[in-house]
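Undergrad: The structure's right below; bear with me while I get my questions together.
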Amino acid sequence: MQCVSNGKAKFWFSDVVPFSKFQNLIPKLILEYGLDLGEQARKKKSDYGEPVWSLVINYDPAKSEVFQFWLFSTGYREARRSKLTLQEILAQNSSMLRKQKLNSILTTKKEKLLRFGAYVLGQYIDFMDLKPQFSRVYYHPERFGVIFNVHAKQMKTIDSNRKHVYRLFQPFNAFEEKRFESIQRIFGFAFLENEHTHWNQASVSEFLLRRFGIQFDPEVSYNERLKALTGALRGVRKKHLDFFQRYSQKKIRFTWYLSEEFMQSATWELNKKLDLISTEKADRLKEATFRFSSKGNFHGTRHQIGTLQARMRSILNARDPEQKKLNQMYFPKNLHYVRFTAKKNCNMKEFEMACRNADQIYLNKQNKQKTKD
């Protein structure tokens, strides 16, 4: 993730190699791709729009006979000191992809998506001007692909029925601009983060009467009027949200999602655990939901986990509406949000030491489990 989001990598290559080849392979990669360049040298290459390479190695103590590595490259790109035209940059990158057998981060092919275990790299759009509940739209890579680019957003998606996503980037025509100005003047407070309205009973009643023709008897409480306002605005938001998304400043961000296969497995497991609620094994649902929630370290996975858990909570509450409060104990109140960035190893000795430490931690866990059994 650091290589893609911060390092601006556009291309990658991965392989799984026997650990016996580690000492021979890694020095060759370092020499060929300039992986030992210092920060200043890397910055200089970046300033000239030249490819900058990064290496990520994954060592899993449970599979100590092999290791997996990923090579990432920024490719040639537009930069302040670059002398290449955009056409020349595209040609150079195309040639590099062929010669180095690289994959593009942007892709609409499922088999070319960047994966790590249960995770798959995807994107989401951050709408900078909108209220939090409307500020993000998620695009699962196995349904959409990784499709949003700086220069061209008109790429096809994996599912051709999902082309509507590009509507978010369409500029307003003259008619739409006038229409939006009118909608924003009346309902901007319902969508925009920097617009707020302070309500009281008189203002709620006046707004609902003027905009929706809703009248109240004098004895209707303020809370009931607010409920009517919420219902009316729900329809407004459903109708006009895409207008405000098109208007808003957008940022395309990368994130990890859980694969569809993993999510199907998790859904099946949670459904099975729901059936244990009325037995002495009811705690197994809690164990499963908390274990599932431990994957929520990224925006994409948090969105998936929150959506699935809300569905499970709804099913559970529908079975026994009288136990809604008790049912809350089976689900975590908040998803933890711990970002872990592995420390960079400056040389081979540091990496070997990190592998030994990982081996020791793994052995300690195994011995602890054997003691429990």
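The values are calculated or read from the model by the stated rules, or taken from the named source; none is laboratory data. Everything numeric here is computed off the predicted structure, so don't read it as measured data. Cβ: placed from backbone, ideal geometry, glycine included. Neighbour counts: every protein chain shown.
Undergrad: With respect to V150, is the statement that it is surrounded by fewer than 14 Cβ atoms within 10 Å (Cβ to Cβ), among the aliphatic types (A, V, I, L, M) and at pLDDT below 90 true?
TA: Taking the combined requirement at face value, the residue satisfies it.
Undergrad: Say whether the condition of being part of a helix (DSSP H, G or I), modelled with pLDDT of 75 or more, among the acidic types (D, E) and closer than 25 Å to C3 by Cα is met by at least one residue in segment 335-355.
TA: Yes, some residue in segment 335-355 is part of a helix (DSSP H, G or I), modelled with pLDDT of 75 or more, among the acidic types (D, E) and closer than 25 Å to C3 by Cα.
Undergrad: Another question, then. Among the candidates L241, L168, L208, single out the residue that is more than 28 Å from M128 (Cβ to Cβ) and either at pLDDT below 95 or in a helix (DSSP H, G or I) (or both).
TA: Sole residue among the options that is more than 28 Å from M128 (Cβ to Cβ) and either at pLDDT below 95 or in a helix (DSSP H, G or I) (or both): L208.
Undergrad: Follow-up question, since we're still on this one. Would you check which residues across segment 13-32 are part of a strand (DSSP E or B) and either β-branched (V, I, T) or closer than 13 Å to F72 by Cα (or both) and list them?
TA: F13, S14, D15, V16, V17
Undergrad: Something else about it: Quickly run through segment 71-130 and pick out the residues that are closer than 30 Å to E260 by Cβ, part of a loop (DSSP other than H, G, I, E, B) and among the hydrophobic types (A, V, I, L, M, F, W, C).
TA: Answer for segment 71-130, where residues must be closer than 30 Å to E260 by Cβ, part of a loop (DSSP other than H, G, I, E, B) and among the hydrophobic types (A, V, I, L, M, F, W, C): L102, I105, L106, L113, L114, A118, M128.
Undergrad: From E269, E322, E280, E260, grab the single residue that is farther than 23 Å from K110 by Cα and surrounded by 12 or more Cβ atoms within 10 Å (Cβ to Cβ).
TA: E269
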